Amino acid sequence: MDCDMAIKEWIKGETKNRVKFPKHYQVLIYNDDFTPMDFVVKVLMQVFDKEEQEATALMMSIHTGSSAVAGEYPKDIAHTKAAEVMQMARQEGYPLKAEAVCAP
């Protein structure tokens, strides 16, 4: 019985010592009727390191839908990237909206 008890205690200790990985967040970019398509492509390339072809395809996905996921990152990075998108858009006078949301 002592051996069983020792194993149970070891298992309890192992489950307590597991490393928790941070939740990932998706950066969503929303469609609007005012932000030029080429600006959205520029943002996707600069902020999310997309190649031009991928950025263009993602921009079309945003344009034809209500939103699209530009990338998935740890929480702080996702919020920073969303803020960077919003800052770039405001500097140019566009209402482009980006948001970091918890990934499903």
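The values are calculated or read from the model by the stated rules, or taken from the named source; none is laboratory data. Everything quoted here is computed from the prediction, not taken from an experiment. Virtual Cβ from ideal backbone geometry, glycine too; neighbours counted across all protein chains shown. For accessibility, only protein heavy atoms count, side chains too; no ligands or nucleic acids. Shrake-Rupley method; radii C 1.70, N 1.55, O 1.52, S 1.80 Å.
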Worksheet item: List pairs: first in segment 66-81 and closer than 13 Å to Lys97 by Cβ and among the small types (Gly, Ala, Ser), second open to solvent by 40 Å² or more (accessible area, probe 1.4 Å) and in a strand (DSSP E or B), Cβ under 9 Å, 6+ apart or cross-chain?
Response: Ser66/Tyr30; Ser67/Tyr30; Ser67/Lys97; Ser67/Glu99; Ala68/Tyr30
Worksheet entry | Scope segment 84-104; condition in contact (Cβ under 8 Å) with a residue 12 or more places away in the chain, open to solvent by 40 Å² or more (accessible area, probe 1.4 Å) and in a helix (DSSP H, G or I); matching residues | Glu84, Met86, Glu92
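Going through segment 33-65 one residue at a time, which ones are aromatic (Phe, Trp, Tyr) and within 21 Å of Val101 (Cα to Cα)? Spell out how you get there, then give the answer.
Filtering segment 33-65 down to residues aromatic (Phe, Trp, Tyr) leaves 34, 39, 48.
Correct list: Phe48 only.
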Discussion item. Can you find, within segment 1-55, the residue that is modelled with the lowest pLDDT among those that are acidic (Asp, Glu) and either loosely packed, with under 10 Cβ neighbours inside 10 Å or over 20 Å from the mean Cα position of the chain (by Cα) (or both)?
Written reply: Glu14
Discussion item. Consider segment 56-70. How many of its residues are open to solvent by less than 40 Å² (accessible area, probe 1.4 Å) and under 11 Å from the mean Cα position of the chain (by Cα)?
Written reply: 2
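Look at Tyr73 and say whether it is out of contact with any strand residue (DSSP E or B) (no Cβ under 8 Å at 6 or more places or on another chain) and surrounded by 13 or more Cβ atoms within 10 Å (Cβ to Cβ). Can you show your working first?
On the way: out of contact with any strand residue (DSSP E or B) (no Cβ under 8 Å at 6 or more places or on another chain): no; surrounded by 13 or more Cβ atoms within 10 Å (Cβ to Cβ): yes.
No, not satisfied.
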Fill in: Filter result for Thr56 (among the polar types (S, T, N, Q) and closer than 17 Å to Lys23 by Cα)
no
